[in-house]
1. Let me make sure I get this right: for the stretch 1-90, a, b and c are the square roots of the gyration tensor eigenvalues over alpha carbons, sorted descending. Under 1.5 in a/c it's rounded, otherwise prolate if a/b > b/c, else oblate. Which is it?
2. I need the phi-derived Karplus couplings for the stretch 21-29: 6.51 cos²θ - 1.76 cosθ + 1.60, θ = phi - 60°, integer Hz, Gly and Pro marked x.
3. Among 82, 90, rank each residue by its count of other Cβ atoms within 10 Å, from fewest to most, as a rough exposure measure.
4. How high is the relative contact order of the chain, in percent, counting Cα pairs under 8 Å that sit 6 or more residues apart?
5. Helix 123-134 sits at what angle to the longest principal axis of the chain, using alpha carbons and giving 0 to 90 degrees rounded to 10?
6. What FRET efficiency comes out for the pair residue 16/residue 117, r = Cβ-Cβ distance, R0 = 30 Å, nearest 0.05?
7. Using Cα atoms only, what is the angle between the long axis of helix 50-63 and the major principal axis of the chain, expressed in degrees (0 to 90) to the nearest 10?
8. Could you work out which residue, out of 97, 61, 122, moves most in a Gaussian network model of the chain, that is, has the largest mean-square fluctuation with Cα springs under 10 Å?
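What follows draws every value from the coordinates through simple rules; no lab data is involved. Keep in mind it's a predicted model, so treat the numbers as computed, not measured. Counting neighbours? That spans all protein chains shown, and the Cβs are built from the backbone with ideal geometry, glycine included.
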Amino acid sequence: MVALARMELARRDASAARAAYQQAIGTGHPDWAPAAMVSLADLHVRLDDPAPAQSLYQRAIEAGNPDLSARASLALSRLLKKNGELGGAKAAWRRVIDSPDAQSAGPAFTDLVNLLRDDDDIDGPRAAYQAGTEQHNPDAL
């Protein structure tokens, strides 16, 4: 169903894609349902519909798939920042940074440090760089 949804998106049929993603979510499959949640949330973000996107990202995080949880947390953090929910964004970035997903941890680290820097918070980036160095995050070195 996820592949079908992607084909529908390629045809620019967001409604059909949404239905296919919902069907995949409904299966409850431990890999495909959270993948569909993230993809459907991404679609909602592109359609400037943040409320369902936020809910879907949260559900994907709670589904517990390690790869998708980190990806959903990174996307959620960026959505929260865009909506001015900086506390939630910081928490989501920290969750990604602490995850085993190095591919998402680097961008999350950079986003968090940039936000802290923009807030003129020198102690926040200092602590983030220290933690990143201890976790061997290449973006902190």
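1. Oblate shape, in that a/c is at least 1.5 and b/c is the bigger or equal ratio.
2. Per residue, the Karplus-derived 3J(HN,Hα) values read 4, 4, 5, 5, 4, x, 6, x, 4 Hz.
3. On the way: 82 11, 90 20.
In increasing order of surrounding Cβ atoms, one gets 82, 90.
4. Numbers: 179 pairs, mean separation 17.5, N = 141.
Once normalised by length, the contact order is 12 percent.
5. Rounded to the nearest ten degrees, it is 80.
6. The computed FRET efficiency comes out at 0.10.
7. Long axis of 50-63 versus the principal axis of the chain: about 80 degrees.
8. Greatest mean-square fluctuation among the candidates belongs to 122.
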